1. Compute the long axis of helix 171-188 from its Cα atoms, compare it with the longest principal axis of the Cα atoms of the chain, and write down the angle in degrees, 0 to 90, nearest 10.
2. Within segment 128-171, whose backbone N sits under 20 Å from a point 7 Å along Cα→Cβ of Ala73?
3. Can you work out the Karplus-derived ³J(HN,Hα) for every residue in segment 53-60? Use 6.51 cos²θ - 1.76 cosθ + 1.60 with θ = phi - 60°, whole Hz, and x for glycine or proline.
4. Taking the Cα centre of each part, how many Å lie between segment 82-104 and segment 1-44?
5. Which value at 222 nm does the chain reach when only helices count, each DSSP H run of 4 or more adding -39,500 (n - 2.57), with the total divided by all residues and rounded to the nearest 500 deg cm²/dmol?
6. At 0.36 nm per residue, minus the direct Cα-Cα distance, what do Ser48 and Glu62 gain on full extension? Give it in nm, one decimal, please.
7. Please report Rg (one decimal) and Dmax (integer) in Å for the Cα set of the chain.
8. Return the distance in nm (one decimal) between the two label points of a simple spin-label model at Leu187 and Glu34, each offset 7 Å from Cα along Cα→Cβ.
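The values are calculated or read from the model by the stated rules, or taken from the named source; none is laboratory data. Model, not experiment: these values are computed from the prediction. With ideal geometry, Cβ positions are generated from the backbone for all residues, glycine too; neighbour counts draw on all protein chains shown. Keep in mind that these areas ignore ligands, DNA and RNA; they rest on the heavy atoms of the full protein, side chains included. Shrake-Rupley method; radii C 1.70, N 1.55, O 1.52, S 1.80 Å.
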Amino acid sequence: MNRSEAAERLLAAAEKLYYARGIHAVGMDEVRAEAGVSLKMLYQLFPSKEHLVAAYLDARDERWRGRLADHVAANGGSARDRLLAVFDWLGLWFAEPGFRGCAFINAFGELGGSAPLVIAVVRRHKESFRDYLVDLARGLPTADPAGVAAQLLLVAEGAMTACAVIPEPRAAQQAHLAATALLDGALARPVGVPEGAGAGRD
């Protein structure tokens, strides 16, 4: 087995075990056994558990964002439609067997500030998701696309957490309704007039 194949097997095993059971609950030897890779090869490729977790999350980030972007590109029309397609895709993701919430939120919750490599990956993922929403929102006839995207991000993140914790099968639909109301409110304001302008006038 070459290094590339061993790394691929280890990342697949890490994702399967860490996502299903949690990072603290799974030891390195269990990942090694699941992957069918020697302990020596494991530590040659990933010198610590933190390195392995960060690498698994990096790989998941690329795949997660790719799937989202593909869905939006295939189903969106206007900028508003594309932003709402994000929430349609969340509903498909939430309904997948074995869904346990956002792997990045889960990792942050488990490790906090104790694993800087992992926290850096988590923050990059969330920043990339935010930037993607901002890019979509730039097509809206609104003076503050970044502000609209920031609000939609909070709606999406809340839905991820609610569906994982409660679990709430309607979380994506409820988030879609909230996003629709948010977008309709933003688009009802004339371009160039920020939210809250004119408040308090007679």
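1. 40
2. So the set is 128-140.
3. 4, 4, 5, 5, 5, 4, 5, 5
4. If you average the Cα positions of each part, the centres end up 26 Å apart.
5. Values: 9 runs with 147 residues, N = 202.
-24000 deg cm²/dmol, from helical runs alone.
6. Details: separation 14, 0.36 × 14 = 5.04 nm, distance 2.18 nm.
Residue separation times 0.36 nm, minus the Cα-Cα distance, leaves 2.9 nm.
7. Calculated on Cα positions, Rg and Dmax stand at 19.9, 76 Å.
8. Those two pseudo-labels are separated by 4.3 nm.
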